[in-house]
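Each remark here refers to the structure printed beneath this line.
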Amino acid sequence: MTSARIPLAELARLGSYFALRDGATGGEAGFEPVAGLLDGSEESEVRLRARIDDIAARLGTTQRWIGASIMFQGWAAHLTSIYTGSVVLAGAVPDLSAARLQYRRTPDGPVDLLAAPLTVTDPGSGWRLLAGGHIDPLANAIRRQVRIGRHLLLGNLGSALAGSLIVLAQAGHGRLDELTAAAWAQPAELRRYGQWLTARDGPHYARTTCCGYMQLPGGRRCGDCALSWRRAAATGPPQNQARGDAS
């Protein structure tokens, strides 16, 4: 662990996906333990099933695997945004394992996340806690509910991490080529699921799996779509398409 402080207010100004609350401030109502959503109990299975079905309904699809994929993508985007933003702003990261976090649903956008308690560690340890202590249990819980490939979900994680780096660069917190070259931004377990390509307007991330968004009514290929990456390498990146609220 480290004595570094995470600038939560500055993080939140980057966008709702970068926001994390500190449980030590008190006065926070309506939060539930994240671990209680993932522990495999009957109650957690009911809650997660309802969450997936709600997202699928909002997306206008009866294909639950797409709802599950987009939910996972949004949740991963929230965690990776907090992680990358903390590294860039503080050189350290919060412990984002499920056991440390609580969540609260919001009318629009990602869920609120609250760290209780907020514990800070180095980027390498922080990624292991995020991936092994939160993403893996979430993927396992989703796969108990829906027939969906683990490789697809890890592709979503890689896409989420890439997206957070793009937002940081656009906000002026470093050049994208420098951010993507950092060791902490290149988790070994994600290398097979995407790569950064050189395009006319700078680095462009291309994933190797499909999240399913293009199968939605009115859905299009995402900017990092597996079906577009060869074209992106040759002609520059396709226009990015938002996936909508996903967490």
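No lab work stands behind these numbers, since they all come straight from the coordinates. As the structure is a computational prediction, the values presented were derived from the model and not from experiment. Don't worry about glycine lacking a Cβ; one is built from the backbone with ideal geometry, like all the others, and counts go over all protein chains shown.
Take the Cβ-Cβ distance between Asp54 and Asp22 as r, set R0 to 30 Å, and report the resulting FRET efficiency rounded to the nearest 0.05. Before the final figure, lay out each step's value.
Numbers: r = 28 Å, r/R0 = 0.93.
Between Asp54 and Asp22 the formula returns 0.60.
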**OP:** With springs only between Cα atoms under 10 Å apart, run a GNM on the chain and tell me which of Gly30, Gly85, Gly132 wobbles the most.
**Re:** Gly30
**OP:** Go through the range 135-197 and name the trypsin sites (Lys or Arg not before Pro) that are in a DSSP coil and have 13 or fewer other Cβ atoms within 10 Å of their Cβ.
**Re:** Arg147, Arg175
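Test of understanding: what is the full-extension gain from Gln215 to Arg47, defined as 0.36 nm times their sequence separation minus their Cα-Cα distance?
On the way: separation 168, 0.36 × 168 = 60.48 nm, distance 2.53 nm.
Full-extension gain reported as 58.0 nm.
If each residue of separation counts as 0.36 nm, what is the full-extension length gain between Arg200 and Ala9 once their alpha-carbon separation is subtracted?
Numbers: separation 191, 0.36 × 191 = 68.76 nm, distance 3.46 nm.
Stretched out fully, the Arg200 to Ala9 stretch lengthens by 65.3 nm.
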Original post:
With the chain treated as a Gaussian network of Cα nodes joined by springs under 10 Å, which of Ile148, Ile66, Ile52 yields the largest mean-square fluctuation?
Top reply: Ile148
Subject >> Gain on full stretching of the segment that runs from Gln186 to Arg143 - 0.36 nm per residue minus C-alpha separation >> reply: 13.0 nm
Original post:
Translational D (Stokes-Einstein, µm²/s) of the chain at 37 °C and 0.692 mPa s when Rh comes from the Kirkwood sum over C-alpha pairs?
Top reply: 180
**OP:** Quick one: grab Rg to one decimal and Dmax as a whole number for the range 1-128, Cα atoms only, in Å.
**Re:** 15.1, 48
**OP:** Just report the Cα centroid separation between the range 187-217 and the range 53-111, whole Å.
**Re:** 18
**OP:** Show the residues, 5+ positions off or on another chain, whose built amide H is closer than 5 Å to the amide H of Thr121.
**Re:** Thr2, Val93, Asp95
Original post:
In a Debye calculation with equal point scatterers on the alpha-carbon sites of the range 73-207 and no solvent, what is log10 I(q)/I(0) at q = 0.10, 0.12, 0.14, 0.20 Å⁻¹?
Top reply: -0.32, -0.47, -0.64, -1.28
Subject >> Near-label residues of the range 102-123 by backbone N, under 13 Å of a point 7 Å along Cα→Cβ of Ala171 >> reply: none
**OP:** Using a 10 angstrom cutoff on alpha carbons, build the Gaussian network for the chain and name the most mobile of Pro187, Pro107, Pro123.
**Re:** Pro107
